[in-house]
Amino acid sequence: MLDVTGITAGYGQFTALWDVTLRVTAGEAVAVVGPNGAGKTTLMRVISGLIAPRTGTLVFQGNALGGRPPHEIVAHGIAHVPEGRRIFPLLTVAENLKMGAFLPSARSDFTASLDRVHRLFPVLAERHRQRAGSLSGGEQQMLALGRALMSRPKLILLDEPSLGLAPVMVLRLFDLIRQVREEGYTILVVEQNVRQVLKIVDRAYLLEVGRIKMEGRAEALGEQDFVRKAYVGL
Amino acid sequence: MIDPIFLVEAAVNGILLGGVLALLALGLNLIFGVLDIVWIAYVDLVMLCMYAAYFVVQVYGWPVWVGGVAAVVLGLFLGVAVHVLIISPILSSPPINQLLATGGLLFFLQSFATFLWTTDHRTVRLSLPVIEIGGMFLSFARLIAFAISILAMLGLYLLLKHTYIGTAIRAVAQDRDAMALMGANPRRVYLVTSAVGGAMAGVAGALLIIQYSVHPYFGAAFGPLTFMICVLGGLGNMVGAFVASFVMSEIISIGGVTWSTEMGYVVAFALFIVMMFIRPGGILVRRD
C-alpha cells in the first residue's frame, strides 16, 4: 500500500533521515519506534508532504507522491494526525470535525463519517458545541483522530498519540486505536511508549539517529534483548 | 448647554457612521487575522472603488446599484491583484518588508489617482431625502449605508461560520499546516481571504461615495481611523473591531456636536493612546 524507499530528508543543513526504507501493506498496523530525535516525526512529515524528501521515493497505491504538497497527499487517502494533536483550538468540536471533511470527496459522506466518529468517540458528540481548546488532552487526541477519520482515509499516520496524556488515558487511547484498526483502517504509528504500541501493531521498525536499525514482527522485536532494555523497560 | 436632542441625534449619527467604519475594520482585520499582514493601503483600495462608483453613476449615468456592483467587483479584483502581485511573493519575508510593500502601494495609488483624476473632490449627486424622526434630522444616505453595512457584515459572519471555505479561513489563521493536512491548499485559502477582504473594501467604497466626496487622499482621512479601530479592538479580533468601531464613531460624533468636529477626533485619538497603555491587547482581549 505504502512504499517508502531510500528517503533522505532534513531541515536546512541538518539531515534527519538517512536512506529510510519502509513498507506498509493494506490492513496492517505498523509502528516506528525509537528514541527522541531519531527522526520519527520527520518521517511522518515526509509521508504527509509537510516536508519534501531530498532523495528517495514515496509510492502510495501506485501513485508516486514524494514531494507533493500535503493537501494533495491527503486527497489520495493518507491522513496525518500530527504530533501535539494540532486541533483548531478556537473552533468548536463540530467545526474541527467539519474541517476534517474539507476534501470534496469527504463532504458527500459527511453525515455517515460523523456518525462513525461519534460512535467511536461518544465524548465528541457530547462536546459538539464546545471550543476544542477547552477539551482535556485525551479528548483533544480523540478529536484529532476523529478529524482525521472524517477525510475517509485509507492510511492513518499517528505521530506520538500518547504524548502528554495521563497513564490511564494512554491505556484508553491505545484501546481506541485498536478499535479504529478493527474498522479496517491501515495504521502507521510513531510512538515512544514502545511497550504499549507493540501490543497493538503487527510489525515495527526501529529508527535510530535517522536510520532504520531493525524491523520485524511486533512480538519478535519486543523479545529482542536490547530493545527490551533500551525502550520497553523490562 | 446643548439641546439634548442634538446629542441624541449625534449618538444616532455615531451609530450610522460606526456601521461603515466597522465594515472597513472587519475587512482589514480579516486579512490581518489570516495572513498576519496589515494592508496599509486598504482604504486606498476603497478610494479606487469609490471612483469606480463615481464614474459609473455620475459620469456614465448608470443606475446607482450598478455603481455599487461595479465598486464591489473592482474591490474583489483589487483584493486578488494585491495578494497575487504584492503579498504572495513576500509572504515569508520579515514583517517590516511586508509593511513597507503595502505602504509603497499606498503612495503609488495616491499618486496614480492624482495623475489620472487630479485632486478634485468628486461627488455622486443623489437626491436622497433627509428624514425627520422626533425632531432629529437623519440623512437617508447614511441610513442606507448603515443598513447595507450591517447586511454585509452579517453575510461575512455567515460565510465564516457556516461554509467550508469560511471555516477553513478561520482554521488557517490558527494553524496553517494542520489545515493543509485537512486537504485545503493554504495558498487558495489566502487568495479567497484577500478576495473577500477586497470585496468588503468595494462595499465600503460604494457606501462611502453616497456620503462623502472622493479624492486621491481619501485614504488619509479614513485609513488611520480604520487602523486605530483594529488595534483598539485587538488586531485580528473581529468582535473587538466591531465594538471598537462604534466606540470610536460615538466619540467622534458626540464630541463633534459638543465641541467641534476636530475636537471629536482629538478626543478619539487621545482615548486610543490611553487605551494602548491600559489594554494594549485590545478592548476585548482574545482568550485562547
*For residues that are in a loop (DSSP other than H, G, I, E, B) and farther than 15 Å from A:A106 by Cβ, tally how many sit in the range A:76-95.*
10
*asked:* With the structure loaded, tell me whether B:G202 is within 14 Å of chain A (Cβ to nearest Cβ) and within 17 Å of the chain's Cα centre (by Cα) or whether it fails that test.
replied: no
*Filter the range A:60-75 for residues that are within 10 Å of chain B (Cβ to nearest Cβ) and either open to solvent by 10 Å² or more (accessible area, probe 1.4 Å) or assigned to a loop (DSSP other than H, G, I, E, B) (or both) and give the result.*
A:P69, A:P70, A:H71, A:E72, A:A75
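If you take just the helices (runs of 4 or more DSSP H) that sit entirely in the range B:36-142, which of them hold at least 2 residues that are without any contact (Cβ under 8 Å) to a residue 12 or more places away in the chain and among the aromatic types (F, W, Y)?
Per the criteria, B:95-117.
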*Report yes if some residue within the range A:218-227 is over 30 Å from A:K98 (Cα atoms) and in a loop (DSSP other than H, G, I, E, B); otherwise report no.*
yes
*In the range B:87-146, how many are aromatic (F, W, Y) and open to solvent by 90 Å² or more (accessible area, probe 1.4 Å)?*
5
*the range A:84-101 residues that are within 9 Å of chain B (Cβ to nearest Cβ) and within 15 Å of A:V74 (Cα to Cα), paired with ones that are open to solvent by 10 Å² or more (accessible area, probe 1.4 Å) and outside any loop (DSSP other than H, G, I, E, B) (beta carbon under 6 Å, 6 or more apart)*: A:A101/A:R107; A:A101/A:F110
*Are there any pairs with C-beta distances below 6 angstrom linking a residue in the range B:182-193 that is open to solvent by 40 Å² or more (accessible area, probe 1.4 Å) to a residue that is assigned to a helix (DSSP H, G or I), with the two at least 6 apart or on different chains, and if so which?*
B:N185/A:H71; B:L191/B:H83; B:V192/B:I165
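Hey, among A:E95, A:E83, which residue is among the charged types (D, E, K, R) and at pLDDT below 95?
A:E83
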_Every residue from the range A:5-58 that is in contact with a helix residue (DSSP H, G or I) (Cβ under 7 Å, 6 or more places away or on another chain) and among the β-branched types (V, I, T)_ = A:I7, A:V20, A:V32, A:V33, A:I51
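From the list B:L116, B:L126, B:L138, B:L106, which one is over 30 Å from B:G14 (Cβ atoms), out of contact with any Pro (no Cβ under 8 Å at 6 or more places or on another chain), of a type in the set (A, V, I, L, M) and more than 14 Å from chain A (Cβ to nearest Cβ)? Give the steps one after another, and end with the answer.
Details: B:L126 fails: over 30 Å from B:G14 (Cβ atoms); B:L138 fails: over 30 Å from B:G14 (Cβ atoms); B:L106 fails: over 30 Å from B:G14 (Cβ atoms).
Going through B:L116, B:L126, B:L138, B:L106 in turn, just one is over 30 Å from B:G14 (Cβ atoms), out of contact with any Pro (no Cβ under 8 Å at 6 or more places or on another chain), of a type in the set (A, V, I, L, M) and more than 14 Å from chain A (Cβ to nearest Cβ): B:L116.
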*Report whether or not A:L176 is at pLDDT below 90 and not assigned by TED's automatic domain parsing to the domain that holds A:S105.*
no
*Residues A:P161, A:P153, A:P167: which one is out of contact with any helix residue (DSSP H, G or I) (no Cβ under 9 Å at 6 or more places or on another chain) and either open to solvent by 10 Å² or more (accessible area, probe 1.4 Å) or under 26 Å from A:L91 (Cβ atoms) (or both)?*
A:P167
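Yes or no, residue by residue, for (1) touching a Phe, Trp or Tyr at 6+ places or on another chain (Cβ under 6 Å); (2) assigned to a helix (DSSP H, G or I); (3) modelled with pLDDT under 90; (4) open to solvent by 60 Å² or more (accessible area, probe 1.4 Å):
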{"site": "B:F227", "(1), (2), (3), (4)": "no, yes, no, no"}
{"site": "B:V239", "(1), (2), (3), (4)": "no, yes, no, yes"}
{"site": "B:S245", "(1), (2), (3), (4)": "no, yes, no, no"}
{"site": "B:S249", "(1), (2), (3), (4)": "no, yes, no, no"}
{"site": "B:G264", "(1), (2), (3), (4)": "no, yes, yes, no"}
{"site": "B:M276", "(1), (2), (3), (4)": "no, yes, yes, no"}
*asked:* Scan the range A:160-168 and tell me whether some residue there is more than 30 Å from A:A204 (Cα to Cα), part of a helix (DSSP H, G or I) and out of contact with any strand residue (DSSP E or B) (no Cβ under 6 Å at 6 or more places or on another chain).
replied: no
*Is it the case that the range A:40-56 has a residue that's of a type in the set (S, T, Y), out of contact with any Pro (no Cβ under 8 Å at 6 or more places or on another chain), loosely packed, with under 15 Cβ neighbours inside 10 Å and over 16 Å from A:I78 (Cα atoms)?*
yes
*When only residues in the range B:144-187 that are within 17 Å of A:L97 (Cβ to Cβ) and outside any helix (DSSP H, G or I) count, which is farthest from the other protein chains (Cβ to nearest Cβ)?*
B:T163
*Please go through the range A:109-150 and pick out each residue that is open to solvent by 40 Å² or more (accessible area, probe 1.4 Å), among the basic types (K, R) and in contact (Cβ under 8 Å) with a residue 40 or more places away in the chain.*
A:R116, A:R131
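The values are calculated or read from the model by the stated rules, or taken from the named source; none is laboratory data. Source: prediction; values computed, not measured. Here the Cβ is made from the backbone with ideal geometry for all residues, glycine too, and neighbour counts use every protein chain on show. These accessible areas exclude ligands, DNA and RNA; they are computed on the full protein's heavy atoms, side chains included. Shrake-Rupley method; radii C 1.70, N 1.55, O 1.52, S 1.80 Å.
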